[in-house]
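Engineer: Right, I'll just put the structure down here and ask away after.
The values are calculated or read from the model by the stated rules, or taken from the named source; none is laboratory data. Computed from a predicted model, the values in this text were never measured in an experiment. Backbone-built Cβ (ideal geometry, glycine too); neighbour counts: all protein chains shown. To get the accessible areas, we keep the full protein, side chains included, count just its heavy atoms, and leave off ligands, DNA and RNA. Shrake-Rupley method; radii C 1.70, N 1.55, O 1.52, S 1.80 Å.
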Amino acid sequence: PRVCVVGSGPAGFYTAQHILKHHGGALVDIYEKLPVPFGLVRFGVAPDHPEVKNVINTFTQTARSERCAYYGNVTVGRDVTVPELQRAYHAVVLSYGAEDNRVLGIPGENLPGVYSARAFVGWYNGLPENRDLKPDLSCETALILGHGNVALDIARILLSPLQLLRKTDITDSSLAALACSKVKRVWLVGRRGPLQVAFTIKELREMINLPGTRAVLDPADFTGLESAVKDAPRPRKRLTELMIKTALEKAVERQAAGAGAAAPREWGLKFQRSPQEVLPSADGTRTRGVRMALTRLEGSGDSAKAIPTGDVEELECGLVLSSIGYRSLPLDPAVPFDSQRGVIPNSSGRVQGVPGLYCSGWVKRGPTGVIITTMNDSFDTAQSVLEDLQGGVLDISPSREGFGLVESILRSRGVRPVSFSDWEKIDAAEVARGKAAGKPREKIVDPAEMLRVIGH
């Protein structure tokens, strides 16, 4: 059986890995629109979290298997359609992730100084489409809308001492921009309360321990939460206890230090505030703050809803980063898509109404969870493919040409794919450039330059 996987992030690679491991004869081809593989492991994971990127070693082993091939620089839906892939393969798995962001839907969100978290993370991580972002970091206060790990990543990157970032694979140009940054205060704002934050304890602890930076948490926000969290699941309980402890300790420290001894940099969490409008400066050319509706919570736990109370407040800031989630986009008119939920309608990864078509990862279940969540989800889809192969749902009696057919289609359209050994040349070039600068790698951010490196 010939199987094709669209997307080379964790969802794509874990799906391929599981099929190759549990079917001794399957051939898997992975297609990727960029010349370089690994998706959000390369472009989403924070540069100061190198240990999270170790999964790349596993993915590389998969790609080097003689039954697996990688074709980068191929945009499915444009260079080759999904129906064309279905003619070339017995099964097609869509694992292309979430390449858009959710919008706030409020006035002023298009003002200069307002950025999506997705674009900002892409900028400091060298995602080609965000390489020219040039965020304006000339203000003192930044506001991040959202209480997830991505929001904490951004706050940490904005406030980290430069000598910590210099040793990472953060891009050269974003390091230069951060060196000139005037940002010294970051507020992370959420619509709901401390019991609904989506970040994890590891990320929070890292933020609390960031050198040269002070946490500003208001003890009043945590009143009565010790008892409320008593019976909560252990991760939620430990996370809440850490916030309470930090709020109380830091308040005491601030009093002891007196008002005069402000830390050079600070960050804080604000709760139960929902953005209503990004406010323009007097001349209308940039942002000067955000008007927030104060909210009260209805219900409890993860299902609590934030209801506006009618009261508002304005928070001053010159930089607004919206970290309210990523969004998947439809890839090809031939593929059903639920635009309300931003996913491909499916059952255990089988695309509804299209036999032989599957999906895994964020485009399957929505943009939530960490790499391990995506791994389990992808194994689940791969299992569906294997069951359909074994149960005769997928007819493999007609032989399919696989890449042979796709290659002639691509050639007729002037598209030249990039192989995994081509990627390894780009990788070697990046590592060499990094070594010269004393960092693990210096990412090439321009796809044209990537292709030049491999003499494409």
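Engineer: Farthest toward the dipole's positive end in the chain, which of L357, T213, S303, given Cβ charges of +1 (Lys, Arg) and -1 (Asp, Glu) about the Cα centre?
Structural biologist: T213
Engineer: Give me the three principal axis extents of the range 100-326 from the C-alpha atoms, as integers in angstrom, largest value leading.
Structural biologist: On the principal axes, the range 100-326 reaches 48, 38, 35 Å in Cα extent.
Engineer: Counting only residues 5 or more places away or on other chains, whose amide H sits under 5 Å from the amide H of R288 once H atoms are built in the peptide plane?
Structural biologist: L279, S281
Engineer: Would you mind checking which residues have amide H under 5 Å from R102's amide H? H placed 1.01 Å from N; only 5 or more apart, or other chain.
Structural biologist: For R102, whose amide H was placed from the backbone, the distant partners under 5 Å are G325, Y326, R327.
Engineer: Run through the DSSP bridge list for the range 100-326 and note the antiparallel percent, rounded to the nearest 5.
Structural biologist: Numbers: 17 of 38 bridges.
Antiparallel bridges make up about 45 percent of those DSSP assigns within the range 100-326.
Engineer: Okay, next question. Put H22, H90 in order of accessible area, largest first, 1.4 Å probe: what do you get?
Structural biologist: Numbers: H22 95, H90 20 Å².
Solvent-accessible surface, decreasing: H22, H90.
Engineer: Ignoring any ligand, DNA or RNA, what whole percent of the accessible area of the range 100-326 comes from carbon and sulfur when the probe is 1.4 angstrom? Can you show the working numbers first?
Structural biologist: On the way: 5290 of 10360 Å².
That fraction is 51 percent.
Engineer: What accessible area, in Å² to the nearest ten, does a 1.4 Å probe give for E314?
Structural biologist: 100
Engineer: Can you give me the % of accessible surface on the range 1-77 that is carbon or sulfur? Probe 1.4 Å, all protein chains present, nothing else counted.
Structural biologist: Details: 1260 of 2480 Å².
Whole-percent figure for carbon plus sulfur exposure: 51.
Engineer: Here's something else I'd like to know. In sequence order, what are the phi-derived ³J(HN,Hα) couplings for the range 365-378 according to the Karplus relation 6.51 cos²θ - 1.76 cosθ + 1.60 with θ = phi - 60°, rounded to whole Hz, with x for glycine and proline?
Structural biologist: 10, x, x, 9, x, 9, 4, 5, 4, 5, 4, 4, 4, 6
Engineer: Of the options S281, G342, L315, report the single residue whose Cα projects farthest towards the positive end of the charge dipole of the range 231-356 (beta-carbon charges: Lys, Arg +1; Asp, Glu -1).
Structural biologist: Comparing the listed Cα positions along the dipole, G342 ranks first.
Engineer: Hey, got the dipole for the chain? About the Cα centre, +1 on K and R Cβ, -1 on D and E Cβ, debye to the nearest 20?
Structural biologist: That gives the chain a dipole magnitude of about 640 debye.
Engineer: Search the structure for amide H atoms under 5 Å from the amide H of K270, placed 1.01 Å from N in the peptide plane, and list their residues when 5 or more places away or on another chain.
Structural biologist: Here the answer is L188, V189, G190, since their amide H atoms fall under 5 Å of that of K270.
Engineer: Still on this structure, please answer the following. Using helices alone, what [θ] at 222 nm do you get for the chain, with -39,500 (n - 2.57) per DSSP H run of 4 or more residues, divided over all residues and rounded to the nearest 500?
Structural biologist: -10500 deg cm²/dmol
Engineer: Report, in cubic angstrom per residue, the convex hull volume of the C-alpha atoms of the range 338-399.
Structural biologist: That works out to 84 Å³ per residue.
Engineer: Accessible area of M375, 1.4 Å probe, to the nearest 10 Å²?
Structural biologist: Near enough 40 Å² of accessible area.
Engineer: Now a separate question. For the pair Q390 and D218, what calculated FRET efficiency results from E = 1/(1 + (r/R0)^6), where r is the Cβ-Cβ distance and R0 = 60 Å, to the nearest 0.05? Display every interim value, and only then the final one.
Structural biologist: Values: r = 58 Å, r/R0 = 0.96.
The formula returns an efficiency of 0.55 here.
Engineer: How high is the relative contact order of the range 100-326? Use alpha-carbon pairs under 8 Å, at least six apart in sequence, and give a whole percent.
Structural biologist: Once normalised by length, the contact order is 31 percent.
Engineer: Taking the alpha-carbon centroid of each part, what is the distance from the range 194-214 to the range 159-185 in angstrom?
Structural biologist: Cα centroid of the range 194-214 versus Cα centroid of the range 159-185: 19 Å apart.
Engineer: Got the relative contact order for the chain handy, in percent, Cα pairs under 8 Å and 6 or more residues apart? Kindly include the intermediate steps, with their values, before the conclusion.
Structural biologist: Numbers: 889 pairs, mean separation 108.8, N = 456.
Once divided by the residue count of the chain, the mean separation gives 24 percent.
Engineer: Next up: Hey, what do the phi angles of the range 208-216 turn into as Karplus ³J(HN,Hα) couplings, whole Hz, using 6.51/-1.76/1.60 and θ = phi - 60°, x for Gly and Pro?
Structural biologist: Coupling constants for the range 208-216: 5, 8, 5, x, x, 9, 10, 8, 10 Hz.
Engineer: Would you kindly derive the ³J(HN,Hα) couplings of the range 429-441 from the backbone phi angles with the Karplus curve 6.51 cos²θ - 1.76 cosθ + 1.60 (θ = phi - 60°), listing them in order in whole Hz, with x for Gly and Pro?
Structural biologist: Taking θ as phi minus 60°, the curve returns 5, 5, 5, 5, 5, x, 4, 4, 9, x, 9, x, 6 Hz for the range 429-441.
Engineer: Relative to the Cα centre, what is the charge dipole magnitude of the range 297-352, using +1 at the beta carbon of each Lys and Arg, -1 at the beta carbon of each Asp and Glu, and rounding to the nearest 20 debye?
Structural biologist: 520
Engineer: Using the crude model of +1 on Lys and Arg Cβ and -1 on Asp and Glu Cβ, and no other charge, please compute the dipole size for the range 140-239 relative to its Cα centre, in debye to 20.
Structural biologist: 200
Engineer: Counting DSSP beta bridges in the chain, what percent are antiparallel, to the nearest 5? Write out the running numbers ahead of the final one.
Structural biologist: Numbers: 23 of 61 bridges.
Around 40 percent antiparallel, to the nearest 5.
Engineer: Also, quick follow-up: For H49, what accessible surface area do you get with a 1.4 Å probe? Give it in Å², rounded to 10.
Structural biologist: 10
Engineer: If the chain were replaced by its equivalent ellipsoid, with semi-axes equal to the square roots of 5 times the Cα gyration tensor eigenvalues, what would those be, largest first, whole Å?
Structural biologist: On the way: eigenvalues 347, 130, 83 Å².
Ellipsoid semi-axes (Å, largest first): 42, 26, 20.
Engineer: Work from the charge dipole of the chain (Cβ charges, +1 for Lys and Arg, -1 for Asp and Glu, about the Cα centre) and give the residue of V36, L239, I372 farthest towards its positive end.
Structural biologist: Of the listed residues, the answer is L239.
Engineer: Which of rounded, prolate or oblate describes the range 361-456 when judged by the alpha-carbon gyration tensor and an a/c cut-off of 1.5?
Structural biologist: oblate
Engineer: If you don't mind, there's one more thing I want to ask. Please work out the average accessible area per residue across the chain, using the 1.4 Å probe convention, and give it in Å².
Structural biologist: Spelled out: the 1.4 Å probe surface of the chain, per residue, equals 44 Å².
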